[in-house]
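Structure first, commentary second.
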Amino acid sequence: MNKTFDSKKFISQNFIWLVLLMLVIIMSIAQPNFFSVNNMLTLLSGEAVKGIMAFGVMFAILSKGIDLTIGSSAGLVACITAALVQPADYANAVLPGVGPLPAPLVFLIGLALGAAIGAVYGAIIAYTKIPPFIATLGGQLICRAAAKIFTNRPVSNLSDSFRYPGSAKIAGFPVIVIVFIIMFTIAAFLLTQTRFGKNVYAIGGNDQAARVAGINVEKNLILVYTWCSICAAVGGMLLAGRAGSADPANSGLNYELDAIAAATVGGTSHTGGICRVSGVLAGILILGVINNGLVMLKVDDNMTNIVKGLIIVGSVVLDMRKNAKRA
């Protein structure tokens, strides 16, 4: 039996992608080189780290929380792992006599460090009931300070194998974009195909009902923030590899804002329980198109931030109106 095409439903379900398409068309008309292969790869490379962080923070927002720590924890992991791949005899080595360790081992150390950071403040949120905003704001300050205590200067002279995922290309295709796609696939699998993902939806929708249904809310919240911090760690190591150094003051600085913005624009509701990973992907690309397109048009950075701010506020207003209609 043939079903009639419901245009309103189609637009509602794919609105974020239609917005992305419209932006691409506008930018392509304004700047003919915008839609070139090279510029698209540049756009994706530039947004990959923030996008990976968005795939983490969307879980926190989905659970009716937030994670403000991801930028600073990325910086901390970047500094520590960068120090571990420096030559032992390098004059400015942060850990003389320790490096260089093999890059694969350092990547594992970075992931473990990220997981540990997330698990700690996830446990604080889960068991003390402190608002996630406050807990992760404190974590943000602690991680940034810890990075500066660890080293008061940029850590450079990194090994080629450590830099490879962030700066290399395979047949002209950036490896950092491949990592971005892998992290998107993992996030999508966790969200849609695992009990953990279903539990996070339930907790965000109504944590008390989730408890009644037998869900261990505390355990799942710890896992949520552990995943957030793992994504931050991946982003931090890629950031160091791409830049060729890790700066305790600036690595990952304010990246959490762009990640939260991408998740919000992508339709992840701050009231909890609503998220589509494809929407978050679209949100990342929308912010990337805006950043890249306005730079190509030589628009002032301040104007770029104004545009992004308006889009974020507008996304939240639309989200609130949708939730009001559901109620």
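Would you please name the residue that is nearest to Cys228 (Cα to Cα), looking only at residues in region 97-110 that are touching a residue at least 24 places away in the same chain (Cβ under 8 Å) and surrounded by 18 or more Cβ atoms within 10 Å (Cβ to Cβ)? Among them, the one singled out is Gly110.
If you filter region 260-271 down to residues that are in a helix (DSSP H, G or I) and among the β-branched types (Val, Ile, Thr), you find that the one that is modelled with the highest pLDDT is Ile260.
It is to be established whether one or more residues within region 40-59 are exposed (fewer than 14 other Cβ atoms within 10 Å of the Cβ), without any contact (Cβ under 8 Å) to a residue 12 or more places away in the chain and within 27 Å of the chain's Cα centre (by Cα). No: zero hits. On the stretch given as region 215-254, residues that are over 23 Å from Thr194 (Cβ atoms) and surrounded by fewer than 23 Cβ atoms within 10 Å (Cβ to Cβ) total 9.
Quick one: in region 4-39, of everything that is among the aromatic types (Phe, Trp, Tyr) and more than 25 Å from the chain's Cα centre (by Cα), which residue is farthest from Met183 (Cα to Cα)? Filtering region 4-39 for residues that are among the aromatic types (Phe, Trp, Tyr) and more than 25 Å from the chain's Cα centre (by Cα), the one farthest from Met183 (Cα to Cα) comes out as Phe5. Output yes when any residue across region 74-84 is farther than 22 Å from Arg242 by Cβ and either assigned to a helix (DSSP H, G or I) or modelled with pLDDT of 95 or more (or both), and no when none is. No; the residues of region 74-84 include none that is farther than 22 Å from Arg242 by Cβ and either assigned to a helix (DSSP H, G or I) or modelled with pLDDT of 95 or more (or both). Between Ile222, Ile274, the distinction of being assigned to a loop (DSSP other than H, G, I, E, B) and closer than 21 Å to Gly65 by Cα belongs to Ile274 only. Looking at Ala93, Ala88, Ala30, Ala60, just one residue is at pLDDT 90 or above and under 30 Å from Leu108 (Cβ atoms), and that residue is Ala60. Restricting the first member to region 12-37 and to residues that are in a helix (DSSP H, G or I), and the second to residues that are surrounded by 12 or more Cβ atoms within 10 Å (Cβ to Cβ) and small (Gly, Ala, Ser), the beta-carbon pairs closer than 7 Å and six or more apart or on different chains are Ile16/Gly266; Ile16/Gly267; Ile16/Gly279; Ile16/Ala282; Ile16/Gly283; Trp17/Ala282; Leu20/Ala282; Met27/Gly293. Please determine, by comparing only the residues of region 287-327 that are in contact with a Gly (Cβ under 8 Å, 6 or more places away or on another chain) and at pLDDT 80 or above, which one is surrounded by the most Cβ atoms within 10 Å (Cβ to Cβ). If we take residues in region 287-327 being in contact with a Gly (Cβ under 8 Å, 6 or more places away or on another chain) and at pLDDT 80 or above, then Gly288 is surrounded by the most Cβ atoms within 10 Å (Cβ to Cβ).
The values are calculated or read from the model by the stated rules, or taken from the named source; none is laboratory data. The structure presented is a predicted model; accordingly, all values stated were derived computationally and were not measured. Every residue, glycine among them, receives a Cβ derived from its backbone with ideal geometry; neighbour counts consider all protein chains shown.
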